[in-house]
1. Identify all residues within the range 137-158 that are among the aliphatic types (A, V, I, L, M) and assigned to a helix (DSSP H, G or I); write none if there are none.
2. Do you know which residues across the range 220-235 are farther than 26 Å from residue 39 by Cα and in contact with a helix residue (DSSP H, G or I) (Cβ under 7 Å, 6 or more places away or on another chain)?
3. Quick test of your reading of the structure: residue 248 fulfils all but one of (1) within 25 Å of residue 54 (Cβ to Cβ); (2) over 17 Å from the mean Cα position of the chain (by Cα). Name the failing condition by number.
4. So, of the residues in the range 114-136 that are surrounded by fewer than 22 Cβ atoms within 10 Å (Cβ to Cβ) and outside any helix (DSSP H, G or I), which turns out to be nearest to the chain's Cα centre (by Cα)?
5. Which ones in the range 35-63 are assigned to a helix (DSSP H, G or I), more than 21 Å from residue 168 (Cβ to Cβ) and of a type outside the set (Phe, Trp, Tyr)?
6. Given the structure, is residue 49 touching a residue at least 60 places away in the same chain (Cβ under 8 Å), β-branched (Val, Ile, Thr) and surrounded by 15 or more Cβ atoms within 10 Å (Cβ to Cβ)?
7. Could you tell me whether any residue of the range 227-244 is among the acidic types (Asp, Glu) and either over 23 Å from residue 159 (Cα atoms) or assigned to a helix (DSSP H, G or I) (or both)?
8. So in the range 245-274, with the set limited to residues that are outside any loop (DSSP other than H, G, I, E, B) and of a type in the set (Lys, Arg), which one is surrounded by the most Cβ atoms within 10 Å (Cβ to Cβ)?
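Every number here is computed from the coordinates shown, using simple stated rules; none is lab data. The model shown is predicted, which means the values in this text are computed figures rather than measured ones. Note: ideal-geometry Cβ built from the backbone for every residue, glycine included; neighbour counts use all protein chains shown.
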Amino acid sequence: MPIIDSQVHVYEANSPQRPWRSVPNWPAHVTGDEMVAAMDALGVDGAIVVSAFSMYGYDASYAVAVRDAYPGRFALVKPVDPADPSVADVVAEWKRTPGTVGIRIMMAERSPHGPVDAGLDRIARAAATQDLPVNLLCWGNLDAAAALLDRHPETRFVIDHLGLLQPRTPPAPEAPWADLPRVLDLARRDNAVIKVSGACTLSREPYPFPDIWDPLARIFDAWGLERCLWGTDWTRAQPVVGFREATEPFRVTDRLSDAEREMLMGGACARAYRWSPEGGASGVDGGRR
């Protein structure tokens, strides 16, 4: 089973040619070539490139260019704008883009999108029509996410980052798993899967972060491992946990059997996005085609 990271971000250095819309505390650049080198070093075969909203907003052109350079290694997810009345056309056009496997809605804490929102509904209907899963950044706004899932049972959803607010700088908050009961409740919706991405940023103990496993076990039990997608959220997580540190704990833990590890670190992602890498980390020239 290939190892697939369910969420990574790639971007060029901030420049007049490709300016950032904001300057987060991420590395100065992680290009496609740099991402592939990092994946090869750790034996990660493929990844879902989520176009970096912090830098590029709704413009996914750089992510598309990276996927085109490495079509065997990356698939694509693009944020879309709930305020755009023509968003259904945007989703349809995105569906025709080679390598596309999903779209994304940004509805985290302090989001203007409440439990009922016409823009979100437009996106959910368009995604169902195009058979694209909707990725939800909904930490701090889980009630609105639950309402959206319930209104659109025909739409496939992917809950980003365990549905839990994750720190941008260390240390983890005092109660990083406070919203866990709500995350477990979301598992009742069979039209959703969940990314186990950025989990190590929630640890209050040193590497290899042993305190994450008891709450993760509750998530695995509620959702089922076939609905849990391992990921690093590199590079957003870099100020807290590096790429290697977000990967190795899942390889070395004795809390997972080999079959469970294969499902969590690749099988569930391949099922959710209906995509698998070609070539992979052991392929010729890092999988470049």
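1. Here is the first cut: in the range 137-158, the ones among the aliphatic types (A, V, I, L, M) are 137, 142, 144-149, 158.
If the condition is that a residue be among the aliphatic types (A, V, I, L, M) and assigned to a helix (DSSP H, G or I), then 142, 144, 145, 146, 147, 148, 149 are the ones that fit.
2. Of the residues in the range 220-235, the ones farther than 26 Å from residue 39 by Cα are 221-224.
Passing the criteria: only 222.
3. Checking residue 248 against (1) within 25 Å of residue 54 (Cβ to Cβ); (2) over 17 Å from the mean Cα position of the chain (by Cα), the one that fails is (1).
4. 131
5. At the first step, the residues of the range 35-63 found to be assigned to a helix (DSSP H, G or I) are 35-42, 53-56, 61-63.
Subset that is more than 21 Å from residue 168 (Cβ to Cβ): 36-37, 39-42, 61-63.
Within the range 35-63, 36, 37, 39, 40, 41, 42, 61, 63 meet the criteria.
6. Values: touching a residue at least 60 places away in the same chain (Cβ under 8 Å): no; β-branched (Val, Ile, Thr): yes; surrounded by 15 or more Cβ atoms within 10 Å (Cβ to Cβ): yes.
So residue 49 fails the test.
7. Taking the range 227-244 and keeping what is among the acidic types (Asp, Glu), we get 233.
From what is left, the residues that are either over 23 Å from residue 159 (Cα atoms) or assigned to a helix (DSSP H, G or I) (or both) are none.
The answer is no; no qualifying residue exists.
8. Filtering the range 245-274 down to residues outside any loop (DSSP other than H, G, I, E, B) leaves 245-252, 258-273.
Those still in the list that are of a type in the set (Lys, Arg) too: 251, 261, 271.
Numbers: 251: 13, 261: 20, 271: 15.
Per the stated criteria, the residue is 261.
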